[in-house]
Each structure stands twice: as structure tokens, then as C-alpha cells.
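All remarks here apply to the structure that follows.
The values are calculated or read from the model by the stated rules, or taken from the named source; none is laboratory data. Worth saying up front: this structure is predicted, and the values here are computed from it rather than measured. Note: ideal-geometry Cβ built from the backbone for every residue, glycine included; neighbour counts use all protein chains shown.
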Amino acid sequence: MSQRGQVLVAIMNESRDLAIAREKHWYRIPVPSVNRFLKTRWPPEWLAFYQTTEFGEEAFAVTYFARVLDVREVARRDLFPDEVSTKKAERKYFQLMLAPLEKLPNPILSRRWRRIVFIPTTLEKFAHAVEINDLYDESPLEDRLWAALKLLGIRAERQEFVNVGDQLYALDFAIYCKNGNLDIETDGDTYHTDPERVPQDNRRHNNLLTAGWTPLRFNTKQIQEELLQYCVPKIDENIKRLGGFEQTAAHDIDPSALLDWHQLLMFDSELSVPYKATKRKKKTKRSKLG
């Protein structure tokens, strides 16, 4: 995981903001949001935009990006001097000054209509991403599990936010099934070492279970040593128990694009090796037939 900002994927909700980025070459992020979500990944060198419903055919995808030239702390009244003066005029923002927008030749798609706040990622992941889930750069454990799920065609959403009652939970992986959903958590070595978190985690577990989510937790040893022998089969067993994958999707993604070995190498070099060997074997067989 990178410890400094390389690429930041930010949400683009309104066409006005895209026009500002394209014509005036800046984008704004509230200072409290940076302090809350981006402390260790700030400032970014590049900025990309995840577009939402308003953008029609370009919605639920990352299509545009730009280099960040400078970052300034300003008040909202400095950004929008023509707005009627109210209390929010004094709100503080980081104004990211941008080079001209560039367009990806192949947009980075989201499988589902989903909630995204910020995705700090690396240049390598941004350059090779096919879908939104390829961008996340949270932990090596998550990357290793993600590589296995991709390899085996298991459709999961990374860092998915879900509402349960008045609570908003962030799930490491969410898998939506016909008769319920799976919450897959990758628990590192420090899980539950803080006694104060135990009641909170217990309540989270119970709330998700009551709302139709089946939580599955895998620790460091299991993911590192028993990934394909235990973790993935257990996930697959529960997907089948819940009736298979739910079909709702924002974008259909070509399965062959998801299994490029360069992509798998980013997430887990060990898992990419057998896949590369399989691809070479298939290519050799086709050449003989030809």
C-alpha cells in the first residue's frame, strides 16, 4: 500500500463541477473530508473522477483524469464569489489546480450503482484497472483475496458502504446473492487486540446478520497460507447456499479483461503464476491447431 498520494479518485456528482474542471481547471474537496479520509494519502499527484447518475452513459465509471499542479486552502466565497453570502461561504476547501483533463481510452467501470467517497490508489493500479474494484489500495491481505476472487470469477465489491438502520458500515468485500448477501472481512493480526472494539464489532456483526448479511472473517494466516484451500471454497459454498449471484449490474464487464495476468501480478504474484502458465499452454495449443 502506498503511503503518499499518487492518484486520488474523487466523486463527480454534478455536470457543473465537470465543466469547472474542464474549463477552469480546478476541483474542490472540503478540508474536513481530507482530514477524515485522506490524511496519509495527501496531496495527490493525479486526480480522477467517478461520475454518478447525472452523467448518463458516462455514469458509474471513471473516464476523466488530470495531473494536480497545485493545492490551495481557500474559503467557499473565493471559489464562488457570485453566490449569495451565507454561513457556508466561510467553509474551507482544498482547491486542486489541474492540468487539462485527459480521457481514458477505456473507462474504469463499476459493476453496480454504488456509493463511493474517495479512492486513493497507485499509478500502477490506475493504469491497469478494468473495474472500480481494481483501484482499491487498502491492504496486502485484501489485494491477495481480491486476486483469488478475480481469478475464479467471483463477483465481489470492495470497500462497499451499506446502511443498516441508522448505521453505515464499510465492508471489505460485499457479494450480492439472490437470497442474501455476504460480508467478507480480512482480519489482520491486530484484530480484536483492542478490548474496547469488541462490543462495537459484536453489535456490527449482529446488525449485519439481522439485515440479511452473512459475515465471513478470514485472518492473516488463512489468507496467506490457505487462500485457495479454505478461504475461497468457503466463500463459494456460501454463494451457492444463497442461490448464486444477484444479476443487477450498472455495467457488464468482459470476463476476459478481468483476467489479464499483468493485473493479477499487481495484487498477488503467486496467484498470477499458474494463470500465466495456463494462458501460455492455451496459446501453444491454438498455434498447433492453426
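Listed values, structure above:
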| quantity | calculated |
| --- | --- |
| Test result for PRO107, in contact (Cβ under 8 Å) with a residue 12 or more places away in the chain, touching an Asp or Glu at 6+ places or on another chain (Cβ under 8 Å) and not aliphatic (A, V, I, L, M) | yes |
| Some residue of the range 139-148 being out of contact with any Asp or Glu (no Cβ under 7 Å at 6 or more places or on another chain) and charged (D, E, K, R) | no |
| Selection from the range 13-59 of residues that are buried (at least 16 other Cβ atoms within 10 Å of the Cβ), in contact with a helix residue (DSSP H, G or I) (Cβ under 8 Å, 6 or more places away or on another chain) and within 22 Å of GLU90 (Cα to Cα) | TRP26, TYR27, ARG28 |
| Within the range 1-117, helices (runs of 4 or more DSSP H) holding 1 or more residues that are among the β-branched types (Val, Ile, Thr) and over 23 Å from the mean Cα position of the chain (by Cα) | 15-23 |
| Lone qualifier among ALA99, ALA147, ALA156, ALA129 - being farther than 30 Å from CYS177 by Cα and of a type in the set (Gly, Ala, Ser) | ALA99 |
| Helices (runs of 4 or more DSSP H) wholly inside the range 194-284 that include at least 1 residues being assigned by TED's automatic domain parsing to the domain that holds GLN167 and modelled with pLDDT under 90 | 197-210, 255-258, 261-267 |
| Odd one out for ALA89, checked against (1) among the hydrophobic types (A, V, I, L, M, F, W, C); (2) surrounded by fewer than 18 Cβ atoms within 10 Å (Cβ to Cβ); (3) in contact with a Phe, Trp or Tyr (Cβ under 7 Å, 6 or more places away or on another chain) | (3) |
| Per-region count, the range 136-161, residues of a type in the set (A, V, I, L, M), under 14 Å from the mean Cα position of the chain (by Cα) and outside any helix (DSSP H, G or I) | 1 |
| Filter result (free of Cβ contacts under 8 Å to residues at least 24 places away in the same chain and on the phi > 0 side of the Ramachandran plot) within the range 1-60 | GLY56 |
